[in-house]
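Asker: The structure follows.
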Amino acid sequence: MNAEPKPTQETQDDFPADLVAYLDGELDAEQTRAVEERLSQDLDFRRQLRELQRTWDLLDHLPTANVDDSFTRTTLAMVAVSAADDAERVAARQGRRKRWFWWTGMGAAAAAFAAGYVAVWELVGRENRRLLRDLPVIQRLDQYRYADNIEFLRLLEREGLFTEDETGHAM
């Protein structure tokens, strides 16, 4: 079975699609009128029509091929096999695309979870670090309430009253 030759840019330029459709009688009345009007005005367009008409006239002189039913059956079988192969390729491609979207979504969800966890941990951790820094003052808050001013507390600190024991807590 011979494959139909694909038109080159040169043949497409030589024979516009509207000329081929005009010769085949595939144009509606308005399109036919437009082609005939162009034919009346464009010498090159008329030349292209004559060349195309001569080519079609030569095709009429070719012998017609006699084809039996087995040719039709084998051709249809090949088309069916080709269509089945195309359907399998499309299904495989869709399966890969679904898996890719699933893995991409899972990766994005994991990244969002990790970013949220780090952000919350940082915010909560910042508050906890501030509390740890202020822990010695918080532990002695009741004692500080009875001090008249900050100078008195600084004097007590210079005397060594606020020393830390082995566990790191102020005494």
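Asker: List the extent of the Cα atoms of the chain along each of their three principal axes, largest first, rounded to whole Å.
Answerer: 124, 50, 27
Asker: A follow-up question, please. Pop out the ³J(HN,Hα) list for the stretch 65-74 in order, Karplus 6.51 cos²θ - 1.76 cosθ + 1.60 with θ = phi - 60°, rounded to Hz; leave Gly and Pro as x.
Answerer: 8, 9, 10, 8, 5, 5, 4, 5, 4, 5
Asker: What longest range of the chain stays clear of loop-exposed GluC sites (Glu not before Pro) (DSSP non-H/G/I/E/B, at most 12 other C-beta within 10 angstrom)? Please report the intermediate quantities before stating the final value.
Answerer: Working: sites that count: E26, E159, E166.
Free of exposed loop sites, the longest segment is 27-158.
Asker: Need one number: nm distance between label points at D86 and T55, each 7 Å from Cα along Cα→Cβ, rounded to one decimal.
Answerer: With each label point 7 Å from Cα toward Cβ, the separation is 2.5 nm.
Asker: Give me a comma-separated list of calculated 3J(HN,Hα) values for the stretch 43-59, in order, Karplus coefficients 6.51, -1.76, 1.60 applied at θ = phi - 60°, integers in Hz, x for any Gly or Pro.
Answerer: 5, 5, 5, 5, 4, 4, 5, 4, 5, 5, 5, 4, 5, 5, 5, 5, 5
Readers should treat all values here as calculations from the given coordinates under stated rules, not as data from a laboratory. Everything numeric here is computed off the predicted structure, so don't read it as measured data. We place every Cβ from the backbone using ideal geometry, glycine too, and count neighbours over all the protein chains shown.
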